[in-house]
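So the structure is just underneath, and the comments pick up after that.
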Amino acid sequence: MSTPLSRLQAATRHAVVEGPGSTDSALRRQVASGQPPPELTTLVRKIFDHAYRLTDDDVNALRAHYGEEQLFELMVAAAIGASEYRLKAALAALETA
């Protein structure tokens, strides 16, 4: 069933992951799915599991490979992926309640 909220979520995901950006959409898809390339694993895992533990040092370590816009896009893609994971888990819990 499609609701205004699910349509908004899908449009947001599409814009973040598939829309134009400084990073390739394939990379953003990997990050959003929680399957990043090795150099982004720490960043993505922290955003998925404990975003409050992400530090400046974590981000600074990636600056040699990625620019500011790219890092922003990748962090937002990871946040979208983490939010989708939590939403699916919540909906599954409601179905079994």
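Output yes when any residue across region 25-41 is of a type in the set (D, E, K, R) and free of Cβ contacts under 8 Å to residues at least 12 places away in the same chain, and no when none is.
No; the residues of region 25-41 include none that is of a type in the set (D, E, K, R) and free of Cβ contacts under 8 Å to residues at least 12 places away in the same chain.
In region 69-81, which residue that is under 8 Å from the mean Cα position of the chain (by Cα) and free of Cβ contacts under 8 Å to residues at least 40 places away in the same chain is surrounded by the most Cβ atoms within 10 Å (Cβ to Cβ)?
Residue satisfying both the conditions and the ranking: 75.
For region 56-97, give me the residue count where each residue is farther than 13 Å from residue 16 by Cβ, assigned to a helix (DSSP H, G or I) and among the aromatic types (Phe, Trp, Tyr).
Final tally of qualifying residues: 1.
Report, by residue number, each residue of region 15-55 that is among the polar types (S, T, N, Q) and part of a helix (DSSP H, G or I).
25, 30, 41, 42
Bear in mind that the values in this text are calculations on the coordinates, not laboratory data. The structure presented is a predicted model; accordingly, all values stated were derived computationally and were not measured. As a convention, Cβ positions derive from the backbone with ideal geometry for all residues, glycine included, and neighbour counts pool all protein chains shown.
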